[in-house]
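Values in this text are rule-based calculations from the coordinates and carry no lab data. The model shown is predicted, which means the values in this text are computed figures rather than measured ones. With ideal geometry, Cβ positions are generated from the backbone for all residues, glycine too; neighbour counts draw on all protein chains shown.
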Amino acid sequence: MFEKVLIANRGEIALRINRACKEMGISTVAVHSTADADAMHVRLADESVCIGPPPASQSYLNIPQIIAACEITGAEAIHPGYGFLSENARFAEIVREHGITFIGPTPEHIRLMGDKIAAKQAVKEVGIPTVPGSDGAVTSDTEAARIANQIGYPVLIKASAGGGGRGMKVAEKPSDLMLALSTARSEAKAAFGDDAVYMEKYLQKPRHIEVQILADSFGKVLHLGERDCSLQRRHQKVWEEAGSPALNTAQREEIGAIVTKALEKIGYLGAGTIEFLFEEGHFYFIEMNTRLQVEHPVTEMITGIDIVREQIRVAAGSPLEMDQRDVVFSGHSIECRINAENPFTFQPSPGTITTFHAPGGLGVRFDSAMYDGYRIPPYYDSLAGKLIVHGKNRNECMMRLRRSLDELVVGGIETTIPLFQQLVREPDIHNGDYHIHWLEQYLSKHGA
Ligand code: ADP
């Protein structure tokens, strides 16, 4: 096992990784920008190295500085968390070339899944169902029109290099198609430096259901069940549940088996998530994330498995100690993303936290790097904390979420707490009756 791990991230996820390391007896190195000198992730790590000025491009994305921090401190492995360099195949390669272990999949798998066209093709070949659409990139306007007519409108144009919901455009009818294509191409070029786009049938009321997997270097692949992340705004997840209110045991086992078999064939290593849209009993692959996800705690709550610990263990070459039959789902879990944002306009609201109180009690987990007097810097994303609750069943979980939200106090900045206080009282949410467009429709009726 590693003696020292460098955590190439900040905020709540850096704390999360630090916790797993501490429980495994591993010492930790934090890296930080000058804006984060007082941050909790720096305070809780054993050592810390300043890697640059506030902009992420000069600090958390600064590969030479991060490698140098490893060499100075003698860290043997890097955990990238999520975001920043976590899905950068070149970074994983450079880390490997320096004799350091990247806690994650191989650079080859990161690269394959980062190219959404290649990923879709690769998973199709190993038996995963995909959304009907173009076979690969759409290169000409006439080809696009032909495929759109074949699959039927509305269609969705997606960037091959896409991520974070960017570079996606819907064409409702034939006359929208050319504009959707050209805007998706230029947005993709500007955001990712790659204008390759592909086309999919635009599903009207699907749920977003994703399957968590863990794989070791001995060819064992396990699934840890699904998460339902259908409550989204601008394709960004806001609220996540495990399990999905829409799946029954047979469907869970069916998709779990398809995914584990597929990833065995691919020879995947580490933690990963296969994302699907689910409509009328059918699953359609949309992408694979080759990293730890923000919403991983809901899976931990219902399985009792520490996903970060397993990531570290398999990266160090240890086998997974459990089998699929040992993965037992117990109760229900929900996560709310507490962002430093106006709850209805979603305008970022960085600033100083004047009062802070985290909720507690049975089945309540609050993952956050906030503290009284902490100044949220304006340079990074607005996720300030994650409230995760667990209950024996979904009903108990909802009641616990309601009271936990009422206990949580974050003063001095605007947060998304009031939105969740409203959502938790909505009949559709209470009944688990929602799809990926539900929240935007709700916000247009009830938002500010
Ligand atoms: P990104 O990598 O940008 O997150 P994804 O492919 O994971 O892109 O899609 C993000 C979200 O966009 C999905 O959760 C869903 O809400 C929506 N979406 C993606 N593909 C489709 C589709 N074919 N039909 C309808 N909605 C879609």
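Quick look at the values:
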read-out: Between the stretch 310-343 and the stretch 36-67, the alpha-carbon center distance in angstrom; value: 26
read-out: Exposure proxy order (Cβ contacts within 10 Å, fewest to most) of 313, 403; value: 403, 313
read-out: Hull-based mean projected area of the stretch 4-115, where the convex hull spans the alpha carbons, in square nanometres; value: 6.3
read-out: In nm, spacing of pseudo-spin labels at residue 57 and residue 72 (7 Å Cα→C-beta vector); value: 2.3
read-out: For the stretch 1-45, convex hull of alpha carbons as volume per residue, Å³; value: 56
read-out: Per-residue Cβ neighbour rank within 10 angstrom, fewest leading, 394, 337, 375, 10; value: 375, 394, 337, 10
read-out: Computed [θ] at 222 nm, deg cm²/dmol, the chain (DSSP H ≥ 4; -39,500 (n - 2.57); rounded to nearest 500); value: -10000 deg cm²/dmol
read-out: The stretch 380-448: C-alpha gyration tensor shape, a/c 1.5 cut-off, then a/b vs b/c; value: oblate
read-out: Cα-based Rg / Dmax (Å) for the stretch 31-176; value: 20.5, 59
read-out: 18 Å Cα-Cα reach of residue 173 towards aspartates and glutamates, excluding residues that sit fewer than 8 places from it in its own chain; value: 141, 143, 200
read-out: Hull volume in cubic angstrom per residue (convex hull over the Cα atoms of the stretch 272-331); value: 119
read-out: Over 25 Å between alpha carbons, listed pairs 120/265; 205/445; 201/386; 116/201; 22/392; value: 201/386; 22/392
read-out: Semi-axis lengths, Å, the stretch 222-351, gyration tensor of Cα atoms, sqrt of 5 times eigenvalues; value: 26, 19, 15
read-out: Projected-area average for the stretch 317-388 over all orientations - Cα convex hull basis, square nanometres; value: 8.3
read-out: Span-rule helices in the chain, defined as complete DSSP H runs reaching 18 Å or more along the axis (Cα) with Kyte mean at least -0.5; value: 11-23, 177-192, 249-266
read-out: Tensor-based shape of the chain (alpha-carbon gyration tensor, a/c under 1.5 rounded, otherwise prolate or oblate); value: rounded
read-out: Scattering profile of the stretch 351-413 at q = 0.14 Å⁻¹ [log10 I(q)/I(0), Debye over alpha-carbon scatterers]; value: -0.44
read-out: Equivalent ellipsoid, the stretch 274-373 (semi-axes from 5 times Cα gyration tensor eigenvalues, Å); value: 30, 21, 16
read-out: Ellipsoid equivalent to the stretch 48-100 - semi-axes via the Cα gyration tensor, in Å; value: 16, 14, 9
read-out: Relative contact order of the chain, defined on C-alpha pairs under 8 angstrom at six or more residues apart (%); value: 14
read-out: Ranked packing of 382-392, 94-104, most packed first, by mean Cβ within 10 Å; value: 382-392, 94-104
read-out: Volume per residue that the Cα convex hull of the stretch 131-266 spans, once the total is divided by residue count, Å³; value: 137
read-out: The stretch 349-448, relative contact order [Cα under 8 Å, separation at least 6], %; value: 30
